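Here the structure comes first, spelled out in structure tokens, and everything after it is commentary.
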């Protein structure tokens, strides 16, 4: 029996990798779609038993209703906050993910952003690109001896701990499930979040976004950071209140911000194309707050790119193919359960 599968949000560089992988599955009728899944292109998958998506393709109740043949959603990501698990379960749809596929890439990217902030790399490059090589106002700070707060010590946060330890940083951490081994091996001190924030020179986020953690960093907590602290977010934008972030940045509260994920990013990712019709007004408002951040000097905004390495993409695609193959063989793997919280990134 031929299995009908639609892959959404397939970039040009992923297309060749996918086609090579699909040669091993001649009984799959697979189509590759460049655009993310949306209400306007669900017809492409109306006969599909399985679809594969990435983080910019939301699985909503309405989309499930438009795809009556759908039995499997294989997201090519570790996070799955773009999938309405309750709606999927009610429609008999299994959801699979790719656990921990990009932890090395994300950790390296996060620490690279931290270095860039502490050494004021963005204003330095902007100045030099205009032919001005004055060093006045570009004095940075050593990482050695500074205090780093790591929010979430799952696979990605653990690697950031190792990097920070190698640079001679003092490491404080908050996590719902503290890792005693990190304390033993790297001197990590676990604290309550509200006790941690006022002590750090820099903070890096490595948690998933769940209903239990909306705006984990709200205005009160952001204000509790010492003046001049820097913040790196390579996790999920919803962890940080975008309105508060813009307000405090305008007040000069931060020494720098590096955001690979931020509220309203979906608007930015579609800025060169027609905006999706299902964008909520809150998303547009959040995008404006994030745009306001660019008016600051030591600010880095990147397009949810921390995962994006050759090695990560290869693992993401190969594991997704295995997930789909396992499902059709009656042996589903990496199944996301509705009652389970997202694993720490």
Residue-normalised 222 nm signal for the chain, counting each DSSP H run of n ≥ 4 as -39,500 (n - 2.57), nearest 500 deg cm²/dmol, is -10500 deg cm²/dmol
Given (1) 66, 42, 36; (2) 116, 46, 35; (3) 67, 46, 35 as possible values of Cα extents along the principal axes in Å, the one from the coordinates is (3)
Computed on Cα atoms, the radius of gyration and Dmax of the range 103-301 in angstrom are 16.9, 52
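Under the definition of Cα pairs under 8 Å and six or more residues apart, what whole-number percent is the relative contact order of the chain? Write down the numbers at each step before the final one.
Values: 652 pairs, mean separation 60.3, N = 345.
For the chain, the relative contact order is 17 percent.
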quick note, the range 103-301, DSSP beta bridge pairs, % antiparallel (nearest 5) is 0 percent
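What FRET efficiency, computed as 1/(1 + (r/R0)^6) with R0 = 22 Å and r the Cβ-Cβ distance, is obtained for residue 81 and residue 305, rounded to the nearest 0.05? Intermediate results must be reported in sequence, preceding the final value.
On the way: r = 18 Å, r/R0 = 0.81.
E between residue 81 and residue 305, to the nearest 0.05, is 0.80.
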If one compares the long axis through the Cα atoms of helix 310-328 with the longest principal axis of the Cα atoms of the chain, the angle in degrees, nearest 10, works out at 30 degrees
Expected max-MSF residue from 335, 232, 95 in the GNM of the chain (alpha carbon, under 10 Å) is 335
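FYI, it's all coordinate maths here, none of it is from the lab. The shown structure was predicted, so the numbers you read here are calculated from the model rather than taken from an experiment. Here Cβ is always computed from backbone atoms with ideal geometry, including for glycine, and neighbour counts include all displayed protein chains.
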